[in-house]
Amino acid sequence: MADTEHYVRDDVRGFLAMLEQLGGPQMDEIPVDQARAGYVAMKSLAEVDPRELPVKRDLSCPGPAGEIPLRLYDARDNREAGPVVMFFHGGGFVIGDLETHDAFCTELAIGLDLPVVAVDYRLAPEAPFPAAPEDCEAATRWVASNPAELGRQATGLITTGDSAGGNLAIVIAQALSDRPAEVPVILQAPIYPVASAVEETGSFKSFGEGFLLTARTMGFFSSSYAADPQDKRNYPILHDNHAASPPTVLITAGLDPLRDSGREYAAHLIQHGVDVIYLEAKGNVHGFITIRKAVPSAQGDVESFVAAVKLMLERHRG
């Protein structure tokens, strides 16, 4: 159960206690398709319903290994040219899809009043590193090229995502800085990302057991993804030109084994002169954007994140 030395919100404590009572096998003890189905099923237990939108449409774009499924969300039927949000889902590069993060994407589309394009990139272990960043980069470049199928004119891109998707949000922003697309990344907004090696951090040691995301699960994800530890697409903190990073909004969770990786990356950007808004959801756990029914206080964290993205966009408008 949760370590009482650390501040744990009451609703978080209740959710962790419920999960402990439910028990069940570890993720690495079941077939990967069952793990994926379990993540989707968790949605009905823990996540709020998606919000109604006038535009929610599945489409696809060309990728390095075939068509990449996408989903467009928009709070308006039609809109003028403007920024487009690219969303990359979490799940350790192994689980997660368009359905697991559907409700959050509706929240983002309404809260930011911008079109959101969610990317259903290939997953490990069937498609290990670098399949995920290759697909996400291809999808982002496709959106930047203003294809007729999208029906939206992008003047700039915002990359965002949670956990593994937070890693991808940074990696894609870096890729488009190194080799520009037809429109630039104007802001990156990673959510509890993995940006660097985490095993020796204090947060990994403090929260690797009993706080939803475990050290064992992270090890399973890591071995499945099979990334090159020296590749900046695995650990984006290795990138050689952080000063070229776009303005950044980064949120971590206080009880997350990945917390210190996010803190380190945010500090790194600040030291290189990048405009950064850093938020930390104190007393909350990894994964909070998709457990807002089970942990109602997480809605406030999501709203703070959306407000910070809007503030940063306003600061850099034009």
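The figures follow:
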quantity	calculated
Unmet requirement for residue 103, which otherwise passes all of (1) part of a helix (DSSP H, G or I); (2) within 25 Å of residue 54 (Cβ to Cβ); (3) touching a strand residue (DSSP E or B) at 6+ places or on another chain (Cβ under 9 Å)	(3)
Any hit, segment 19-31, residues being in contact with a strand residue (DSSP E or B) (Cβ under 9 Å, 6 or more places away or on another chain) and either of a type in the set (Gly, Ala, Ser) or surrounded by fewer than 17 Cβ atoms within 10 Å (Cβ to Cβ) (or both)	no
Filter result (among the hydroxyl-bearing types (Ser, Thr, Tyr) and either surrounded by fewer than 19 Cβ atoms within 10 Å (Cβ to Cβ) or in a helix (DSSP H, G or I) (or both)) within segment 252-285	261, 265, 278
Top-ranked residue in segment 137-170 [being of a type outside the set (A, V, I, L, M) and within 22 Å of residue 288 (Cβ to Cβ); ranked as surrounded by the most Cβ atoms within 10 Å (Cβ to Cβ)]	167
Which numbered condition residue 249 misses (of (1) in a loop (DSSP other than H, G, I, E, B); (2) crowded, with 16+ Cβ neighbours inside 10 Å; (3) in contact with a Phe, Trp or Tyr (Cβ under 8 Å, 6 or more places away or on another chain); (4) of a type outside the set (D, E, K, R))	(1)
Within segment 122-136, considering residues that are within 16 Å of residue 60 (Cβ to Cβ) and of a type in the set (Asp, Glu), the one surrounded by the fewest Cβ atoms within 10 Å (Cβ to Cβ)	134
Residue match in segment 175-187 (condition: in contact (Cβ under 8 Å) with a residue 60 or more places away in the chain and within 15 Å of the chain's Cα centre (by Cα))	yes
First in segment 62-79 and within 23 Å of residue 128 (Cα to Cα), second anywhere and among the hydroxyl-bearing types (Ser, Thr, Tyr), Cβ under 8 Å, 6 or more apart	67/60; 68/60; 68/121; 69/60; 70/60
Segment 219-239: number of residues that are part of a loop (DSSP other than H, G, I, E, B) and surrounded by fewer than 16 Cβ atoms within 10 Å (Cβ to Cβ)	5
Per-region count, segment 174-201, residues over 23 Å from residue 100 (Cβ atoms) and outside any strand (DSSP E or B)	16
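For (1) among the small types (Gly, Ala, Ser); (2) closer than 19 Å to residue 221 by Cα; (3) in contact with a helix residue (DSSP H, G or I) (Cβ under 8 Å, 6 or more places away or on another chain); (4) part of a loop (DSSP other than H, G, I, E, B), each residue gets a yes or a no:
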site: 15; (1), (2), (3), (4): no, no, yes, no
site: 18; (1), (2), (3), (4): no, no, no, no
site: 21; (1), (2), (3), (4): no, no, no, no
site: 25; (1), (2), (3), (4): no, yes, no, yes
site: 33; (1), (2), (3), (4): no, yes, no, no
site: 50; (1), (2), (3), (4): no, no, yes, yes
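Bear in mind these aren't lab numbers, they're just calculated from the coordinates by the rules spelled out. Note that the structure is a prediction, hence the values are computed from the model and not measured. In this analysis, Cβ positions are derived from the backbone assuming ideal geometry, glycine residues included, and neighbour counts consider all displayed protein chains.
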